[in-house]
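The structure appears right after this line, and notes come after that.
The values are calculated or read from the model by the stated rules, or taken from the named source; none is laboratory data. All of these numbers come straight from a predicted model, not from anything done at the bench. Don't worry about glycine lacking a Cβ; one is built from the backbone with ideal geometry, like all the others, and counts go over all protein chains shown.
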Amino acid sequence: MRILITAGKSARAFKLLKEFKTDEIIMADYGEMPQFPSKEYQFISLGTQNQDTIAHTLLTSCLDNAVNAILPVNDFEIEAVVKSCTLFKEFDIQVLTSAELNNV
């Protein structure tokens, strides 16, 4: 499975990364992202953060990167994705929560 984890530069995102040892992981965050190779994950930028278009930005990134599931980390992303959950499901993108991962 190909999973997009938001807040990709945060310690919390790296803790969550450990839960997906067999999956292909994309660590996404706003602004500039590190550019170094890793066998465990890749970094992508979500561009400039815009509170009005969070769900659209995340959905577009999922579609552009052939993502099967998204794990939003920041509260504002969780809120936006939950409100747009039906839209993500229409594109066969599973919405994961950190609560499902034993409160990592």
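Brief remarks follow.
- Segment 16-28, subset more than 10 Å from Gln42 (Cα to Cα) and crowded, with 18+ Cβ neighbours inside 10 Å, residue modelled with the lowest pLDDT: Leu17
- The criterion of at least 1 residues that are of a type in the set (Asp, Glu) and closer than 18 Å to Ser98 by Cα is met by the following helices (runs of 4 or more DSSP H) wholly inside segment 1-84: 75-83.
- Looking across Ile44, Ile54, Ile78, one residue alone is among the β-branched types (Val, Ile, Thr) and touching a strand residue (DSSP E or B) at 6+ places or on another chain (Cβ under 6 Å). It is Ile44.
- Members of segment 1-15 found to be crowded, with 21+ Cβ neighbours inside 10 Å and over 11 Å from the mean Cα position of the chain (by Cα), listed by number: none
- Those residues of segment 29-38 which are surrounded by 15 or more Cβ atoms within 10 Å (Cβ to Cβ) and among the acidic types (Asp, Glu), in sequence order: Asp29
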